[in-house]
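Enquirer: Pasting a structure here, questions to come.
Each reported figure results from applying straightforward, stated rules to the coordinates on display, with no laboratory input. Small disclaimer: the values here were computed from a predicted structure and weren't measured. Heads up, the Cβs are rebuilt from the backbone with ideal geometry, glycines too, and the neighbour counts pull from every protein chain shown.
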Amino acid sequence: MASYLFKRLLTLLPLLLGITFLTFLIMQLAPGKPTDLITDLNAKMSLEAKQKLTKLYGLDRPWPIQYWEWLKRLSKFDFGKSFKDDRPVIHKILERLPATLLLNFLSLSLIFTLAILIGMTAAAKKGALFDKLTTLFVYLGFSIPTFWLALLLMILFGLKIGLLPISGLRSLNFEELNFLQKAWDMLQHLLLPVSVMALTGLAALARYTRSSMLEVLHQDYIRTARAKGLKEREVIFKHAFKNALIPIITLLGLMLPELIGGSFIFETIFAYPGMGRLGFEAIMSRDYPVLMGIGTMVAFLTLLGNLLADMLYALADPRIRYK
Amino acid sequence: MASNWIRRLFIILYTGVTFTACKQNNNPQLQSSSSLPAYDDTFIESSIGDASYLNPVLASDSASSSINGMVFNGLVKYNAQIQLVGDLAEKWEISKDGLVFTFYLRKNVKWHDGQAFTAEDVLYTFERLIDPEVKTPHSSSYEKVKKVELLDPYTLRILYKEPYVPALESWGIGIIPKHIFKGAKGKEFNEHPANKKPIGTGPYIFKEWRVDEKIALEANPKYFDGRPHIAKYVFRIIPDNAVEFLELRNKSIDTMVLTPDQYHAYPEFFEEYKKYRFPRAAYTYLGFNLNHPIFKEKLVRLALAHALQKKELVQAVLLGMGQSATGPFLPLSWSFNSEVKDFEYNPKLSKQMLQEAGWQDLNQDGILEKDGKNFEFTLMTNQGNKMRALTAEIIQEQLKKVGIKMNIRIVEWSTFIKNFIDKKNFEAIILGWALSPDPDIYNIWHSSQKKDGQYNFVSYQNLEVDALLEEGRKTFDQQKRKEIYRKVHGLVHDDIPYIFLFYPDFLPVVQERFVGPKVVALSSFGFGWNFDKWFVPKNKVRYPLITAQ
């Protein structure tokens, strides 16, 4: 197991390198430069001033050299400085990480709890009303455009009922509140985004749980368990559940990068200060250092998530062994 | 020349205006203490994007500029009549040949940290603007400066290589404190922490910046032009326009700029708000490639100008929230020539002109031809601007009526600029220009500005216009200058290098408890020009300050 882990970790490095290389390449292929937002059709800027800016951002050199420079800095864990405001990329990411982690941790926990509950119950009572209703419900959540649902809920809870704030993470008078009031304030602000995220993200996991559970329920050992007179609850939770976990673990592994990746749509709609907006704005303004910084971190977590999932398989199913 | 008595007169006039405004606002008990201006309350503004540098030398985006305008002062500023008046400069003199500017600075000005403001700060700001290692987008405006000399701590002389009228406007840039930056240069300046925690001389003091959430400012009690009434200013970042509108309906923001359809929303949305409407300092145009075999001929362009119905465009694209344009200046500005008559919409006349130019529909297929070739061209515009795409579609319909086949091609912005505009690789385009208060439009219309990446990409050339534009940059007498630009307006209109389509309206709303917002020509550059003079009557304060006991 240990040697397997070591081998896997070793292969991570070239993979990561390859991903950053491709990201950099694709970024360069996209038309436009980071300075365009400032210089394009800006009648107050002369040609010389434009060229000066391009040079100051180091964009006049060929891209392989730019990539090499970036790699050299990365080897010292330096992600460089943002083109937008000259601040270290790592600071910009760390500033937004807590808010994103909070939102994603809450919504992913909610998704997992609900999806597993729904999936298992639906499988246990396959074809019953509950199964049909939840199927409809998760597909509805999956199909509804996020931004539309978010706007409707904002109108309902924010405007009509006046119970919840419409957008943001904190009220404007946040600093004047005591600790409990602060927690309550943030909770109110988080309620809508977390619910919308959970509702719209439920489908895949719930369906996976259901089908994998169904498969397990058809196995011989379940019949045996039932035959020896175990209660249905025990059959489901003790015998079937653990074996139905494998696909869910895969999904869990894949969701690890989602924890920090953030979602542009949610964050934009809810005016939420997170990583999704940072990444999206970096793409739009061709802020290469920020883009590469986020790209590298997400790639690393994706690879780590895959590895973690593989490890967890062994825990869930003793028949799986790694050499 | 802004001497003291003019300033006083202006303040008196100004106060008069505000009081009449109060009366109109159904404020019968003007004299009672409860309706007197309060030194209190918070003004909450919203913005689609976050700021970048809170340093006027480095910033160019509108979010940063909004904040920088509150925290910093320039040497000069524009007043309501789009005239430059003193800000940090008490007065100035310009030599007869226009080559020497002498600024006399105010002596009572303190930076927010208590240090005195002096000419050294101005010199430092200038040195960073021309520093080759500083990432400033503004350096072009200072290329003509030969030298800046300090005569004493409150007097400085700026020598120019050639007379250049917009130079005065360029000294409206926010002056930054030398002592805070400790004389930092180049890269060190670009990355200085003060770019995130600005110290200025302005009416508002920087308090806090929560990235992607808000920027908070507080009134500067020692502001040299009088303590602002509104105690706090909050700049909230709401990246989605629809959500911003919901926040307005929820009364949680005090101002926003509406889109035309939002302007027509149900009255419930504006329960406590006052809507404003005036032309934006920008125009949308249809530009021709004047080297193109078809559009080279003026008669053809004239025919097209008569085939377009701008009224329909304004109605359909802007829901009526705009006005048709006749030239390259803002209708409320002094350079605008109201005598320029727009081309009338007359498809018949248009067809006649086209026929005169040799375009006839001989094969009866509905499309005109000449020498066996169809009148067909492609109009390009950039992706992501619905207004422009819609404009293109309506123009397509209108031109079809006179027998012209127009294709539309919508291209991603950077590709559009790099591969088509800069290389003049287009037949016709729809684009827009934003206007600055100074009417100098040399970079767009002078025939020397036709190189790749310059702004006369339609290849316009009129020697008379060239001469006038050169003259306009050198003439400090505004009356003469006005004549020059009015002529330019007429000439450019008659030559039809562009069909000037429309000025979209600027549609802000402001919560009604604020007294002071006033529509003037300059408002389209934002309400910021007089924000420090706004107030809320004491009985209407919504977010009272918590007074320390």
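Enquirer: Taking 7 Å along the Cα-to-C-beta vector as the label spot, tell me the B:Glu208-B:Asn291 distance in nanometres, rounded to one decimal.
Expert: According to this spin-label approximation, the distance is 5.7 nm.
Enquirer: Also, quick follow-up: For the pair B:Glu312/A:Arg319, report the inter-label distance in nm, with labels modelled 7 Å from Cα in the Cβ direction.
Expert: 7.3
Enquirer: If you filter region B:376-428 for GluC sites (Glu not before Pro), then keep DSSP loop positions with at most 12 other Cβ within 10 Å, what is left?
Expert: Answer in residue order: no site qualifies.
Enquirer: Using alpha-carbon pairs under 8 Å, 6+ residues apart, how would you state the relative contact order of chain B in percent?
Expert: Once divided by the residue count of chain B, the mean separation gives 20 percent.
Enquirer: Between B:Gln364 and A:Leu159, what's the calculated FRET efficiency when r is the beta-carbon distance and R0 is 41 Å? Round to 0.05.
Expert: The formula returns an efficiency of 0.10 here.
Enquirer: Further question: Under 5 Å between amide hydrogens, which residues at least 5 positions from B:Ser46 or on another chain qualify, with H placed 1.01 Å from N in the peptide plane?
Expert: For B:Ser46, whose amide H was placed from the backbone, the distant partners under 5 Å are B:Arg236, B:Thr255.
Enquirer: If each DSSP helix of 4+ residues adds -39,500 (n - 2.57) and the sum is divided by the residues in chain B, what number results at 222 nm, nearest 500 deg cm²/dmol?
Expert: One gets -8000 deg cm²/dmol as the mean residue ellipticity at 222 nm.
Enquirer: Shifting gears a bit: Place a point 7 Å from the Cα of B:Lys341 along the Cα-to-Cβ direction; which residues of region B:468-511 have their backbone N under 14 Å from it?
Expert: Once the point is set 7 Å along Cα→Cβ of B:Lys341, B:494 turn out to lie under 14 Å by backbone N, inside region B:468-511.
Enquirer: Provide the gained length on full extension for the span A:Thr113 to A:Lys7, in nm with one decimal, where the gain is 0.36 nm per separating residue minus the Cα-Cα distance.
Expert: Between A:Thr113 and A:Lys7, full extension yields 34.8 nm more.
Enquirer: What does the extension gain come out to for B:Ser447 and B:Glu120, with contour length at 0.36 nm per residue minus their alpha carbon separation?
Expert: 113.8 nm
Enquirer: A further question follows. Within region A:256-270, name every residue whose backbone N is under 19 Å away from a label modeled 7 Å from Cα of A:Ala204 along the Cβ vector.
Expert: Counting only backbone N, you get A:256-267.
Enquirer: Something else: What's the center-to-center distance, using Cα atoms, between region B:118-169 and region B:371-444 in Å?
Expert: 38
Enquirer: Provide A:Arg319, A:Arg286 in ascending order of the number of other Cβ atoms located within 10 Å of each residue's Cβ, fewest first.
Expert: With the sparsest Cβ surroundings first, the list reads A:Arg319, A:Arg286.
Enquirer: At 222 nm, what helix-only mean residue ellipticity would chain A give, in deg cm²/dmol to the nearest 500, using -39500 (n - 2.57) for each DSSP H run of four or more?
Expert: -23500 deg cm²/dmol
Enquirer: How large is ³J(HN,Hα), in whole Hz, for each residue of region B:47-59 in order, when computed from phi with the Karplus curve 6.51 cos²θ - 1.76 cosθ + 1.60 and θ = phi - 60°, using x for Gly and Pro?
Expert: Whole-Hz 3J(HN,Hα) from phi for region B:47-59: 9, 5, x, 7, 6, 10, 10, 8, 8, x, 6, 9, 7.
Enquirer: May I ask you to sort A:Ile161, B:Ile429, B:Ile176 by Cβ crowding, counting other Cβ atoms within 10 Å and putting the fewest first?
Expert: Final ranking by Cβ density, sparse to dense: A:Ile161, B:Ile429, B:Ile176.
Enquirer: Applying 1/(1 + (r/R0)^6) with R0 = 41 Å to the Cβ-Cβ distance of A:Ile144 and A:Tyr221, what FRET efficiency is obtained, to the nearest 0.05?
Expert: With R0 = 41 Å, the Cβ-Cβ based efficiency is 0.55.
Enquirer: Once label points are set 7 Å from the Cα along Cα→Cβ at both B:Arg157 and A:Leu180, what is their separation, rounded to one decimal in nm?
Expert: Simple spin-label model gives 7.1 nm for this pair.
Enquirer: I would also like to ask the following. Check which residues have an amide H placed less than 5 Å from B:Glu90's amide H, if you skip close sequence neighbours.
Expert: Sorted by chain and number, the residues that satisfy this are B:Tyr104, B:Leu105, B:Arg106.
Enquirer: Given H placed 1.01 Å from N in the peptide plane, which residues other than close sequence neighbours of B:Lys214 have an amide H under 5 Å from its amide H?
Expert: The list, which skips near neighbours in sequence, is B:Ile237.
Enquirer: Taking only C-alpha pairs under 8 Å that are 6+ residues apart, what is the relative contact order of region A:89-316 in percent?
Expert: 29
Enquirer: If you don't mind, another one. Taking a cut-off of 47 Å, what percent of all Cα-Cα pairs in the protein assembly as shown are separated by more than that?
Expert: Counting every Cα pair in the protein assembly as shown, those more than 47 Å apart make up 35 percent.
Enquirer: Let me ask another. Please sort through the DSSP H helices of chain B and keep those with an alpha-carbon extent of at least 27 Å along the long axis and a Kyte-Doolittle average not below 0.0.
Expert: Membrane-span-like by this rule: B:4-24.
Enquirer: Net charge within 12 Å of B:Glu127 by Cβ-Cβ distance, Lys/Arg positive one each and Asp/Glu negative one each, not counting B:Glu127 itself?
Expert: 0
Enquirer: Would you mind calculating the gained length between A:Lys242 and A:Leu214 on full extension (0.36 nm times residue separation, minus the Cα-Cα distance), in nm to one decimal?
Expert: 8.8 nm
Enquirer: Sorted from fewest to most neighbouring beta carbons within 10 Å, what does the list B:Phe377, B:Phe189 look like?
Expert: Listed from fewest to most nearby Cβ atoms, that is B:Phe377, B:Phe189.
Enquirer: Follow-up question, since we're still on this one. Taking K and R as +1 and D and E as -1, what net charge do the other residues with C-beta under 15 Å from the C-beta of B:Trp359 add up to?
Expert: +3
Enquirer: Less than 20 Å apart at the alpha-carbon level, and either on another chain or at least 8 residues along: which aspartates and glutamates does that give for B:Lys107?
Expert: B:Asp87, B:Glu90, B:Glu93, B:Glu120, B:Asp121, B:Glu149, B:Asp152, B:Asp225
Enquirer: Apply the Karplus parameterisation 6.51 cos²θ - 1.76 cosθ + 1.60, with θ equal to phi minus 60°, to every residue of region A:3-18 and state each ³J(HN,Hα) to the nearest whole Hz, in sequence, with x for glycine and proline.
Expert: Karplus values, whole Hz, x for Gly and Pro: 5, 4, 4, 4, 4, 4, 5, 5, 6, 4, 4, x, 4, 4, 4, x.
Enquirer: Just how far, in whole angstrom, is region B:454-512 from region A:279-303 if you go by their alpha carbon centroids?
Expert: Result: 43 Å between the Cα centres.
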